[in-house]
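Presented below is the structure to which this report refers.
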Amino acid sequence: MSTTKNKWQKPTLTAHRMGALNKFGNTSPQQHLEAFAGVALLPLMEQYGSPLFVISEQRLRDNVRRLLRAFETRYSDVVYSWSYKTNYLAAVCNTLHQEGAWAEVVSAFEYEKARSNGVPGNKILFNGPHKERAILERVVRDGARIHIDHLDELYLLESVARDLGQQVDVTMRLNFDTGYTEPWTRFGFNIESGQAMDAARVLGHSEVLNLRGLHSHLGTFVLDPRAYAAQINIMCAFMTQVEMDTGCEIESIDIGGGFASMNTLHGTYLPPEQVVPSVDQYAEVICSTLNAAVRHRSAQGKSKPRLIMESGRGVVDDAEVLLTSVVANKRLPDGRPSLVIDAGVNVMFTGFWYNHKVTPLQPQEGMAEDTVVYGPLCMNIDVMRASVMLPPMNVGDAMMFSPVGAYNNTQWMQFIEYRPHVLWVDTEKRISVVREAENLAIVTGPERVPAHLQEPFREQQEG
Amino acid sequence: MKNQLPAALPTGLLRAYGAILFAEKPWIGGLFLLATFWFPNAGLSGLLAAVVAMVTARMLRFPHLESGLHVYNSLLVGLSLGAYYQLDLYLGVLIVLGAIMAVFATVALVDMLWRLDHLPVLSLPFVLVAMTTSLAAHSYGTLSRYLEPVMPHGVVFHPWLDQFFTALGSSFFTPHPVPGLLMFIGMLLTSRYIALLAVCGFALGFSTYALLAGSPHPALASWNGFNFILTAIALGAIFTVPDKQSFALAMIGSVLAALVTAATENLMLVYGLPVMTLPFLTTTLILLLALRKREAAPSMQLLLERPGLPEQSFERVRLAEARHGSYGSVPLSLPFYGRWTVYQGFNGPHTHRPPWQYALDFYITDQGKSFHGDGGCLADYYCFGLPLTAPAAGYVVAIENSLPDNPPGHVDTFYNWGNHVVLALNNGLFVLLAHLKQYSVEVQIGTYVTLGQTLAACGSSGRSPQPHIHVHVQTTAALGSSTVPFHLAAVLHTPATSHERYCLHITPDTEDQVILPHLDTRLHNSIDLRVGRTFVYRVDERLGASNVTLTVVLSLNGEFRLQSDSGASVAFVYHGDVLAFYDRQGMRDALLDALVLGLGVTPFYEGVAQWQDAPPLRLLPMSPLRRLAAAAYYPLGEGLNSHYQRQWHHDHWQQRGSHRLTMPWQDDWQAQTTVSIVANVGCTKIELQGDDGFHLTAALEQYGQQADGGIPAWTVVAKATRNK
């Protein structure tokens, strides 16, 4: 007779459900991961606390190199511009700049940040609907490329250029319907209504502004590469027309970003491995369409336009993970288990749209159950995963949310909790902190308290 | 056109005099004309024949009157008759007839010899016509004999010098040291190298002649010695590019001419005829005809299509080699996009053995590996399926599209080349792209493809253990015919052991990486050199300050030239992604020289750009003494060792050039140039700093456009640019 006792497991209840599990479903047995970017994660959490962001420099470089290679080996002139709003931590930006990326910025703040990162003016694309005179003056002087969003901006820029006595090359942002994605009509000039051609004619008559580039951005997380083929054909047709009508010469076509990353939008059934196209698939469609669309240009004595892309999510998303720990276990009234963890939507804002992959950092025993994962905020909306198959976990167990590189370190907010450290694992697997965790001094630093509101309880204490 | 003709006549006449000793300038021809009047009888006879020939050629409207082509043979006929007979009415008639006949003979023979094998006519019409007139003269009792004194009494300069100058004078039937000296001066002014060949050729030819003859009649040697001179010049300087081999050829030619001269003397003696230029013609034409059968080679290049002064030919070939790669190598563009690595270079150990030694294999690597994952399937290989483009324009003459791609590690040795495309280039050669992906060929036989057009995708068919692309240039359309050397033009080249650099031409080695540079359109558009553009510069140098205007002109033969108001000019090509200056002509012009040195070859690609060039040494600022020393050490000219670097500097591009000339026994002579290029304005500032404290600064004052039928002129004052 064996005397060893089986280890005790928490009892679980698994309801029978029809239709949820099939050979495509997301039912792979839960595995655990102990390391990311070649570095053991639990010791990191011991040293730097929980929650914790970790970025892999190697992964970031690999991603951008893969993207650049995919496009540069298919088209003659390709520029990759790093979309600052995706993640403007200086370490991230500078890594990408070292790999040859330009900067795509959408505000005075981002512009100043790019310049302070050392990006020369002629390698900055200034996009977005909000540009005021002061920043436009600086941008024109620095020789950065302005993407005009609306007519009022066009007139403002014209007056700036006149005042500075400078010729300014500009890019026009366009919007149109490809039939594949919901058109983002709020940005740029609409082609179908004739608005874009009207604006191009205004530029054609301008003595100081020269139309040199076209830009459009289809949307985000575009899963069908054919959308880009439609986009390029529409833009190239517009390019031909605008060159004929206004005598300008278009030097660049900027297709924006929108490449999907290995993440799952809410409401998507299939796992990302099956629905997200590879970078090569995007590149093949985009470059072959563009090569075909501009083939006649050399016969007309024009150069092929430069292809600019601004993929943010596709490059940075899977280079960063969020480590967090279980704070509490709860059984919900409907019978489902739930967890409270120490990272919420305050630091992982994209949790509102994406079902991030959740991976325990220690081996877990027991049956996986449909679990709700709540963040630490005292707010009903703080749900990190509304439904995820997780084995039972104990207080203090660690888990990893991934991919979180895109939009979290820019959209996160100081709300209720301090924002944590962001760690950097360089290519030699050395660790450094690239953004310090917040503390009281940092959070209250910019605050100014009028004299009569300071130390409200002093009298009582003294009294 | 009519108005220009009277002016063309005297120019043509003087050019004809010059052409006999290969001088191009009319005033040097004038010097020769003067020299022929040392013996007025001969001089007048020659002039009469030349005028008659000019008038004849004009009346018959033969083309290229101003070149003097139709005249110099008639002139020689006149001179030859004037050397033997007294000029009177009877001889005049004979001269007129001979001159007219020589014009016809020239036009006819020029065409015949060109068709034979691109041979020059030289003085062959003269020899035929002069033989005719001389033989005919034997029967004309009306003519009075006249014999020029063959040698002067006593020594004029020095016995050896007299011998040489007399021989030189004899080429104009004026065998006397003084006219010979005049001709030698004209020769020296035309080309020092020609003068050198003349001296060496004569010395060697005369020695041979004297050695074999024992004690030759001095008069014979002086009368006919010019054959050695002419042979040496024609073979060593005019019809070949000067180099060591062609110098040796010239010397062999003059030795052979000595043999032919002796033989011709004996033959012609029978008929009582002078030797004239027959030995020179026989030797030169036979040697040239034989040399035409050589395969094209970098040494002793023949210039039958474009004969010229040796200094000019040498400079042209030197610059062409520095900028276009070695002679006979075919320029190709990259047949792909992006950064690829050379898998196997020329004379590679695996398959690039003769006759396929001139071939390049490319693939893509990342950190030394050509695949990701485990490399077990073709899709793991970085280059598999990538588009391949036409490396040159041409017709598709053969394709294969249906062979399967081998799994990694396997090869198909039956269809070695796998799927392929063969393009017929415009130069008569063929390009093969092989190992293409199955069913990826997008063109059909007969398609004319342009440079950069997509042809197919990279695959692994044929003898290809892993996906790669094989490129070579071959002599025929047949698959696998023998290969010829080629190079890649205008690429960024990263040698396995060094940094990236822009190369106008490169044949990369195994492991090297290549990528096409990105054109910087803003920079490209900033240097606007269309016809009629003018640039006014304020030039400060040691001699003081002045305003100099540079104008872009288009010459009649379609050459763009940048011309200074001093008359000095330089030709340039502004083609796609490169601006290149060449053929600097005219007097010294400090601004133009500094500009040409500073811009030399300028590729318009972006980023921190580095490249090399070899502009001619005459552009380097030098003191007169140094200039003389350089001319003595490099009689044919030499290229500078110029290194360029350009980068964006806050609000303008700064292109720095460092130029060195290697001199023996002392440090390199050098100069530094800095050119500032402002977007949409042009070269706003040119600085040059040379040895001996030479310094030049030029700032753009204004630029504009000259008026042209219906297009008004305009000028813009250039703003002082901020150069921080």
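Straight-line cross-link partners of residue A:85 among the lysines, defined as a Cα under 24 Å from its Cα and at least 8 positions apart when in the same chain: A:113, A:123, A:131, A:357. Within the shell defined by Cβ-Cβ distances under 14 Å, the residues around residue A:403 carry a net charge of -2, with Lys and Arg each +1 and Asp and Glu each -1. Taking amide H as placed 1.01 Å from N in the peptide plane, the amide H of residue B:578 sits under 5 Å from that of B:604, each at least 5 places away or on another chain. Treating each Cα of region A:127-311 as an identical point scatterer and summing with the Debye formula, the log10 of I(q)/I(0) at q = 0.10, 0.17 Å⁻¹ comes to -0.43, -1.08. Note on region B:367-504: Kirkwood hydrodynamic radius from all Cα pairs is 15.7 Å, rounded to one decimal.
The share of Cα pairs per 10 Å bin across region B:599-656, counted from zero up to the longest distance, runs 21, 39, 24, 15, 2 percent.
Placing unit charges on the Cβ atoms only, positive for Lys and Arg and negative for Asp and Glu, gives region B:191-308 a dipole magnitude near 200 debye about its Cα centre. By the beta-carbon count within 10 Å of each Cβ, the least crowded to most crowded order of A:113, A:7, fewest first, is A:7, A:113. Using a simple spin-label model with pseudo-atoms 7 Å out from Cα toward Cβ, residue B:321 and residue B:641 lie 1.7 nm apart. Straight-distance candidates among the aspartates and glutamates for linking to residue A:7, with alpha-carbon spacing under 17 Å and chain neighbours fewer than 8 residues away dropped: A:365.
Taking the square roots of five times each eigenvalue of the Cα gyration tensor of region B:191-308, the equivalent ellipsoid has semi-axes of 26, 15, 11 Å, listed largest first.
Dipole check for the protein assembly as shown: with +1 at the C-beta of Lys and Arg, -1 at the C-beta of Asp and Glu, and the Cα centre as origin, the magnitude is about 1920 Debye. Projecting the Cα atoms of A:76, A:39, A:403 onto the dipole axis of chain A, where Lys and Arg carry +1 and Asp and Glu carry -1 at the beta carbon, places A:39 farthest toward the positive end. On full extension, the segment bounded by residue A:262 and residue A:299 gains 9.2 nm, given 0.36 nm per residue less the C-alpha separation.
Here the 3J(HN,Hα) profile of region B:267-276, calculated from phi with Karplus coefficients 6.51, -1.76 and 1.60 at θ = phi - 60°, is 5, 6, 4, 4, 9, x, 10, x, 6, 6 Hz, Gly and Pro shown as x. For residue B:394, the residues 5 or more places off, or on other chains, whose built amide H falls under 5 Å of its own are B:449. For the pair residue A:8 and residue B:160, label points projected 7 Å from Cα toward Cβ lie 12.1 nm apart. The mean count of C-beta atoms from other chains within 10 Å of the C-beta of residues in A:67-74, rounded to a whole number, is 5.
The ellipsoid equivalent to the alpha-carbon distribution of region B:1-152 has semi-axes of 24, 18, 15 angstrom, derived from the gyration tensor eigenvalues as √(5λ) and listed largest first.
Inter-chain Cβ neighbour count for B:331-339, averaged per residue, equals 3 (cutoff 10 Å, partner chain atoms only).
Each part gets one Cα centre, and for region B:386-415 versus region B:270-303 those centres are 48 Å apart. A dipole drawn for region B:181-307 from +1 and -1 charges on Cβ atoms has a positive end, and of B:229, B:270, B:195 the residue lying farthest that way is B:195.
For region B:360-366, 3J(HN,Hα) computed residue by residue from phi via the Karplus equation (6.51, -1.76, 1.60; θ = phi - 60°) reads 10, 10, 10, 8, 10, 10, 9 Hz, glycine and proline entered as x. Exposure proxy for A:424, B:27: other Cβ atoms within 10 Å of each Cβ, ordered fewest to most, give B:27, A:424.
For the peptide B:512-518, the mean number of other protein chain Cβ atoms found within 10 angstrom of a residue's Cβ is 2. Only helical runs count toward this figure. For chain B, summing -39,500 (n - 2.57) over DSSP H runs of n ≥ 4 and dividing by all residues gives -11500 deg cm²/dmol at 222 nm.
Taking the Kirkwood radius as Rh and the Cα radius of gyration as Rg, the protein assembly as shown has a ratio of Rg/Rh equal to 1.11.
Sorted into 5 angstrom bins from 0, the C-alpha pair distances of region B:546-684 split as 2, 9, 18, 22, 20, 16, 9, 4, 1, 0 percent.
Basic side chains Lys and Arg get +1 at the Cβ, acidic Asp and Glu get -1 at the Cβ, and with that the dipole of chain A about its Cα centre reaches some 1020 debye. Which order results if B:271, B:574, A:282, A:418 are arranged by neighbouring Cβ count within 10 Å, fewest first? With the fewest neighbours first, B:271, B:574, A:282, A:418 line up as B:271, A:418, B:574, A:282. The H on the amide N of residue B:419, modeled in the peptide plane, is under 5 Å from the matching H of B:403, B:435, B:436, B:461, B:462, each at least 5 residues off or on a different chain.
Among B:615, B:712, B:456, whose Cα projects farthest towards the positive end of the dipole of chain B, with charges put on the beta-carbon of Lys, Arg (+1) and Asp, Glu (-1)? Checking the options against the dipole of chain B, the answer is B:712. Taking Cα atoms only, the orientation of helix A:195-205 departs from the longest principal axis of chain A by about 50 degrees. Summing charges over all other residues whose Cβ lies under 9 Å from the Cβ of residue A:108, with Lys and Arg as +1 and Asp and Glu as -1, gives -1.
Every number in this text was worked out from the coordinates using simple rules, so none of it is lab data. Remember, predicted model here, so these are calculated numbers, not experimental data. As a convention, Cβ positions derive from the backbone with ideal geometry for all residues, glycine included, and neighbour counts pool all protein chains shown.
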